[in-house]
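Comments concern the structure below.
The values are calculated or read from the model by the stated rules, or taken from the named source; none is laboratory data. Just so it is clear, the structure is predicted and the values come from calculations on it, not from any experiment. Note that we place each Cβ from the backbone using ideal geometry, even for glycine, and neighbour counts take in every protein chain shown.
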Amino acid sequence: MKKIASFTVNHDTLKPGIYVSRVDGDCVTYDVRMKTPNAGDYLSTGEAHTIEHLFATYARNSELSEGVVYVGPMGCRTGFYLILRDGVSRAGAIGLCQEAFRFIAGFEGKIPGAERKECGNWLDHDLEGAKRAAREFGKAIEGWREDMTEYPG
């Protein structure tokens, strides 16, 4: 079988940031890399699950909601994939991530979609951990620019 594109990226050179992973027709997949790969510090499942609920809710309610196709976690627990229609600029994608992670870092209240009837693993959430991880990542992407969205060589 052919190796999929995300497995061709050198994970030894990746740092937290926002990268264009691939472009498929009118969809652009962003690698929202919150943790340095293989560094021993990963999102817990509860943190990732809570970030997923909050990130997806924020993105689908943002000004760019019509361009949002998907928000979901990476199995390695180092970040998320954000899939947007190509009508959303790289600057727009960066801005959306910056806003979403500020929202997550300051979130108070009930996690959207985290009731038993709404979620397949409703007990596995960690809001405080998600907020900590969002604050940390927010600092990493504070000055992120379009010219930084290519994977490091």
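A few comments on the model shown:
- Close pairs (8 angstrom Cβ cut-off, 6 or more residues apart or separate chains): touching a residue at least 60 places away in the same chain (Cβ under 8 Å) in the range 95-106, surrounded by fewer than 23 Cβ atoms within 10 Å (Cβ to Cβ) anywhere: 97/141; 97/144
- Which listed residue, of 94, 111, is in contact with a strand residue (DSSP E or B) (Cβ under 8 Å, 6 or more places away or on another chain), at pLDDT 95 or above and surrounded by 12 or more Cβ atoms within 10 Å (Cβ to Cβ): 94
- Filtering 145, 102 for residues that are closer than 18 Å to residue 21 by Cβ and surrounded by fewer than 19 Cβ atoms within 10 Å (Cβ to Cβ) leaves a single hit, 145.
- So residue 144, is it closer than 18 Å to residue 31 by Cβ and among the hydrophobic types (A, V, I, L, M, F, W, C): yes
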